[in-house]
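The values are calculated or read from the model by the stated rules, or taken from the named source; none is laboratory data. Because the structure is predicted, anything quoted here is derived from the model rather than measured. Positions of Cβ are generated from backbone atoms using ideal geometry, with glycine treated the same way; all protein chains shown enter the neighbour counts.
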Amino acid sequence: MTMIVRNLQLVRDRITTACVAAGRDPASVRLLAVSKTFGADAVIDAMSDGQRAFGENYVAEGVEKILALRAWQAAQAGAPAVLEWHCIGPVQSNKTRLVAEHFDWVQSVDRLKTAQRLSEQRPPHLPPLQICLQVNVDGGANKSGAAPEEALALAQEIAQLPRLTLRGLMAIPEPAIDFVAACAVHARTRAIFDQINAAGVLPAPMDTLSMGMTADLEAAIHSGSTMVRVGTAIFGKR
């Protein structure tokens, strides 16, 4: 058993334990393995233990890895595993075409202009790009994300764009001092999520609440996260 496989199993155990403590079904929380700065070999290792969803912060690095994995899979016998690639880092205007052409999800959309470019540049032969609206829930000065009070209107505008499907919200709050504090800030993101769905202005309700990383996944799950983004606890320190 490799270190990555062992770590994956430990993280899955943490998710299960957190779900049981919160009275939730463990199947209601997806694990996104954040593979930024690690090579294709690390992804292949995680794939060997059934991991299929991977997150990348840096567009150029992510695209290089996606192409490398496609080439590796093409050389293998049998049907290739279907991988799901999430862009979870800032998307600059000059990188939207790369993102639209290669990723399956973008979790870091925080302005209409970015969403419009992704919509225009998504190739017609690919399924719609799955979108999460990033919200700067705690007002961190160095954090990307739409202001909470702008989230409803922005979600409504993004949901109308072709070639995109709005799936939910993503947040990266500042580190909290303890479990209670972490739950409080994640609960604020959950409240925005519920407010948008309750407004009834979207073509379909959002179903994804992407909150929680290595340090705070238990608090995020307690507060309603449906997807946790874990890198260090799986792949090690960068």
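Residue check: Leu67 meets all listed conditions (1) assigned to a helix (DSSP H, G or I); (2) out of contact with any strand residue (DSSP E or B) (no Cβ under 9 Å at 6 or more places or on another chain); (3) under 21 Å from Val228 (Cβ atoms); (4) of a type outside the set (Asp, Glu) but one, namely (3).
The rows are residues; the columns are (1) more than 22 Å from Glu56 (Cβ to Cβ); (2) surrounded by fewer than 22 Cβ atoms within 10 Å (Cβ to Cβ).
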| site | (1), (2) |
| --- | --- |
| Ala77 | yes, yes |
| Val91 | no, no |
| Phe103 | no, no |
| Ala115 | no, no |
| Cys132 | no, no |
| Ser144 | no, yes |
| Leu154 | yes, yes |
| Ala159 | yes, yes |
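Assess whether Ala60 counts as being out of contact with any strand residue (DSSP E or B) (no Cβ under 8 Å at 6 or more places or on another chain), in a helix (DSSP H, G or I), at pLDDT 95 or above and under 18 Å from Thr214 (Cα atoms). Answer is no for this residue.
Screening the stretch 83-172 for helices (runs of 4 or more DSSP H) wholly inside it with 1 or more residues that are closer than 19 Å to Asp207 by Cα returns the ranges 112-121, 151-159. Among the helices (runs of 4 or more DSSP H) confined to the stretch 174-238, the ones with at least 3 residues that are in contact with a Pro (Cβ under 8 Å, 6 or more places away or on another chain) are located at 179-199.
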